[in-house]
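K.L.:
This structure is in structure tokens; I'll ask about it shortly.
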Amino acid sequence: MIFGAVLAGGVGSRMHIADMPKQFLPLGDKPIILHTLEKFLLCARLDAVYVGVHPNWLLHMRDLVEKHLPDRKQDIRIVAGGGDRNETIFHIVDQIETDFGQSDDHIIVTHDSVRPFVTLRIIEENIDAALRSGACDTVVGATDTIVVSGDGRLISEIPERSRMYQGQTPQSFRISLLKGLYDSLSAEEKAALTDACKICVVRNTPVELVQGEVSNLKITTVSDYKIAQAMVGGIELD
């Protein structure tokens with residue numbers, strides 16, 4: 001079976017424009033997270049879509065689904081998120097296995113709640129890649145030169161740009177593979193993780209690349225929010 005996992009466990013915001021997590025800010029005529037969730041609901045290959053939400057915002061998320069997606073409530077499972085991204089993923093995994101049992105064939109497609117412009121093509125290709133390779137990451141090729149600095153003051157390396165990519169989401173996995181690799185990590189290795197794909201990289205497990213889109217932006221700053229509003233026709237850019 002194949003499951004979507006929309007990750008909305010955060011409560012912080014670098015935008016300082018509202019007293020709520022950025023995934024609940026309005027984008028056009030509805031909150032950002034609903035745009036994202038609707039993209040996943042378009043994918044007929046998903047057996048269910050899970051949403052990992054901070055415990056303080058569970059009721060709010062349920063209310064949004066009730067108001068905006070009442071006809072799809074049976075396809076949406078809302079789960080309390082964890083203390084970080086990977087903990088939220090594994091809370092969702094636990095709930096999947098409670099609801100549907102354990103299976104070596106289960107696939108999970110994990111995605112940032114604040115990337116509302118993900119396309120059906122990207123989701124479908126993530127599913128195909130995870131079925132084929134066990135793990136995949138959505139990326140776009142770097143367009144700017146990447147500069148590496150060990151101390152934040154001097155350049156230590158300028159890698160070849162043709163080999164550089166910017167990571168996006170979804171990141172998708174065979175659940176049994178992801179769990180096995182994560183359980184093999186030490187506490188120090190777990191603490192150093194920045195995203196789910198690094199679980200695979202740390203254990204030298206291949207991760208297939210899926211071509212993303214520049215438009216699949218992550219809404220993190222006020223500038224990102226303005227761009228996203230312009231993309232849905234909400235406001236004019238300054």
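The values are calculated or read from the model by the stated rules, or taken from the named source; none is laboratory data. Bear in mind the structure is a predicted one, so any value in this text is a computation, not a measurement. All Cβ positions, glycine included, derive from the backbone under ideal geometry; neighbour counts span all protein chains shown. Ligands, DNA and RNA are stripped out before the accessible areas are found, and what is left, the full protein with its side chains, is counted by its heavy atoms. Shrake-Rupley method; radii C 1.70, N 1.55, O 1.52, S 1.80 Å.
K.L.:
Look at residue 20 and say whether it is modelled with pLDDT under 95 and either more than 15 Å from residue 117 (Cα to Cα) or open to solvent by less than 60 Å² (accessible area, probe 1.4 Å) (or both).
P.N.:
So residue 20 passes the test.
K.L.:
Residues in segment 170-216 that are part of a helix (DSSP H, G or I), in contact (Cβ under 8 Å) with a residue 24 or more places away in the chain and of a type in the set (A, V, I, L, M, F, W, C): how many? Step through it out loud before you land on a result.
P.N.:
The initial filter retains those residues of segment 170-216 that are part of a helix (DSSP H, G or I), namely 175-184, 187-191, 197-202.
Pick out the ones that are also in contact (Cβ under 8 Å) with a residue 24 or more places away in the chain and you get 175-179, 181-182, 190, 197, 199-200.
Then drop every residue that is not of a type in the set (A, V, I, L, M, F, W, C), which leaves 175, 177-178, 181, 197, 199-200.
Selection size over segment 170-216: 7.
K.L.:
Okay, next question. Is there a residue in segment 46-55 that is assigned to a helix (DSSP H, G or I), closer than 21 Å to residue 126 by Cα and within 19 Å of the chain's Cα centre (by Cα)?
P.N.:
Step one: filter segment 46-55 for residues assigned to a helix (DSSP H, G or I), giving 55.
Within this subset, residues satisfying the condition of being closer than 21 Å to residue 126 by Cα are none.
There is no residue in segment 46-55 that is assigned to a helix (DSSP H, G or I), closer than 21 Å to residue 126 by Cα and within 19 Å of the chain's Cα centre (by Cα).
K.L.:
Looking at (1) more than 30 Å from residue 190 (Cβ to Cβ); (2) in contact with a strand residue (DSSP E or B) (Cβ under 9 Å, 6 or more places away or on another chain), which is the only condition residue 71 fails?
P.N.:
For residue 71, the failing item is (2).
K.L.:
Assess whether residue 64 counts as being at pLDDT 95 or above, open to solvent by 70 Å² or more (accessible area, probe 1.4 Å) and in a helix (DSSP H, G or I). Even if it seems obvious, please write down each step before you answer.
P.N.:
Working: at pLDDT 95 or above: yes; open to solvent by 70 Å² or more (accessible area, probe 1.4 Å): no; in a helix (DSSP H, G or I): yes.
Considered against the rule, which asks whether it is at pLDDT 95 or above, open to solvent by 70 Å² or more (accessible area, probe 1.4 Å) and in a helix (DSSP H, G or I), residue 64 comes out as no.
K.L.:
So if I check each of 108, 146, which one is at negative phi, modelled with pLDDT of 95 or more and aliphatic (A, V, I, L, M)?
P.N.:
Numbers: 146 fails: modelled with pLDDT of 95 or more.
Going through 108, 146 in turn, the sole match is 108.
K.L.:
Of all residues being within 20 Å of the chain's Cα centre (by Cα) and more than 24 Å from residue 4 (Cα to Cα) in segment 175-201, which is surrounded by the most Cβ atoms within 10 Å (Cβ to Cβ)? Just the residue, please. Lay out the reasoning, then the answer.
P.N.:
Going residue by residue through segment 175-201, those that are within 20 Å of the chain's Cα centre (by Cα) are 175-179, 181-182, 190-201.
Filter once more, so that each one left must be more than 24 Å from residue 4 (Cα to Cα): 191-192.
Values: 191: 9, 192: 11.
Going through the qualifying residues, I end up with 192.
K.L.:
Only one residue in 36, 98 is open to solvent by 20 Å² or more (accessible area, probe 1.4 Å) and assigned to a helix (DSSP H, G or I), so which one is that?
P.N.:
Details: 36 fails: open to solvent by 20 Å² or more (accessible area, probe 1.4 Å).
From the options 36, 98, the qualifying one is 98.
K.L.:
Out of all the residues in segment 107-121, which are of a type outside the set (A, V, I, L, M), touching a residue at least 12 places away in the same chain (Cβ under 8 Å) and either touching a strand residue (DSSP E or B) at 6+ places or on another chain (Cβ under 7 Å) or assigned to a helix (DSSP H, G or I) (or both)? Spell out how you get there, then give the answer.
P.N.:
Initially, segment 107-121 is screened for residues of a type outside the set (A, V, I, L, M), giving 110-113, 115-117, 119, 121.
Filter once more, so that each one left must be touching a residue at least 12 places away in the same chain (Cβ under 8 Å): 110-113, 115-117, 119.
Residues satisfying the conditions are 110, 111, 112, 113, 115, 116.
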